[in-house]
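S.K.: Dropping the structure in here first, questions after.
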Amino acid sequence: MARRAVNPNRRSVDRDSTPLVASLHQKTRSSPLLSVGLVLLGAFLLIGYSYSGSGGFRDREAISKGEGATCTLEVQRAIPILKKAYGDNMKKVLHVGPDTCTVVSTLLKEDDIEAWGIEPYDLDDVDSSCKRLVRKGFVRLADIKFALPYRPKSFNLVIVSDALDYLSPKYLNKTLPDLARLSADGLVIFSGYPGQQRAKLSELSKFGRPAKLRSSSWWIRYFVQTGLEENEAAAKKFEQAAVKRSYKPSCQIFHLN
């Protein structure tokens with residue numbers, strides 16, 4: 001939790017208030033207006049303190065909910081770049097990861113994209129929009145440690161974010177090939193950088209374990225061991241589109257066949 005910034009004005013007031021209070025003590029009866037002024041000043045300080053404190057509470061609340069910079073948010077930023085890279089191969093998209101309702105909603109706003117989502121963890125505390133997507137079958141809850149209920153190559157593109165980071169190699173050995181099985185034209189993985197800050201409290205309560213953020217070299221070796229190849233054509237187009245739009249991702253992005 002970030003430490004609340006100290007208000008320099010409050011410090012100066014505190015320093016200056018000491019001799020002022022002493023003077024007031026000596027001339028209590030002769031300076032009633034000064035007393036009133038000090039009371040008002042104290043009230044303003046209390047209001048300022050309460051305001052800054054409420055901001056700190058909001059920050060703690062956001063952390064407890066797992067809000068902040070995530071790779072799922074990065075997917076939303078990257079959608080225009082992905083469209084440039086994959087073109088017609090982005091007609092049917094499956095997103096896998098936390099808060100998939102948000103990603104699916106964003107994708108469905110694109111006229112030429114059909115989108116579905118898999119939420120790997122829980123759908124207990126969601127808004128009415130997400131509930132509607134679940135009711136219509138666009139989003140479903142499923143444990144990605146097991147085979148997902150889709151036929152091979154059911155989607156042109158499968159996008160994964162904030163999901164594989166929570167799996168041990170034991171489960172990755174099953175999950176990653178299954179996700180590749182569902183894709184006809186590409187698998188895109190968004191993964192956090194090692195050392196990237198995470199909301200630890202929410203991770204333990206929701207995911208059961210903190211994220212294991214791995215280096216790009218680790219992932220590349222693992223892809224080779226799993227039999228997955230880099231989609232060089234898509235990766236190159238993505239990079240070119242990112243440069244044109246001055247897009248700098250805050251997560252690692254891997255394009256696989």
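The values are calculated or read from the model by the stated rules, or taken from the named source; none is laboratory data. Source: prediction; values computed, not measured. Backbone-built Cβ (ideal geometry, glycine too); neighbour counts: all protein chains shown. The area values use the complete protein model at the heavy-atom level, side chains included, leaving out ligands, DNA and RNA. Shrake-Rupley method; radii C 1.70, N 1.55, O 1.52, S 1.80 Å.
S.K.: Please indicate, with yes or no, whether at least one residue in segment 191-213 is at pLDDT 90 or above, surrounded by 19 or more Cβ atoms within 10 Å (Cβ to Cβ) and not small (Gly, Ala, Ser).
M.R.: For segment 191-213, residues at pLDDT 90 or above, surrounded by 19 or more Cβ atoms within 10 Å (Cβ to Cβ) and not small (Gly, Ala, Ser): absent.
S.K.: Looking only at segment 173-189, decide whether some residue is over 28 Å from Gly87 (Cβ atoms) and out of contact with any helix residue (DSSP H, G or I) (no Cβ under 6 Å at 6 or more places or on another chain).
M.R.: yes
S.K.: Exactly one condition in (1) surrounded by fewer than 22 Cβ atoms within 10 Å (Cβ to Cβ); (2) touching a Ser or Thr at 6+ places or on another chain (Cβ under 9 Å); (3) part of a helix (DSSP H, G or I) is not met by Asp178; state its number.
M.R.: (2)
S.K.: From the list Leu82, Leu123, Leu107, which residue is over 16 Å from the mean Cα position of the chain (by Cα), open to solvent by less than 50 Å² (accessible area, probe 1.4 Å) and at pLDDT below 95?
M.R.: That would be Leu123, the only listed residue that is over 16 Å from the mean Cα position of the chain (by Cα), open to solvent by less than 50 Å² (accessible area, probe 1.4 Å) and at pLDDT below 95.
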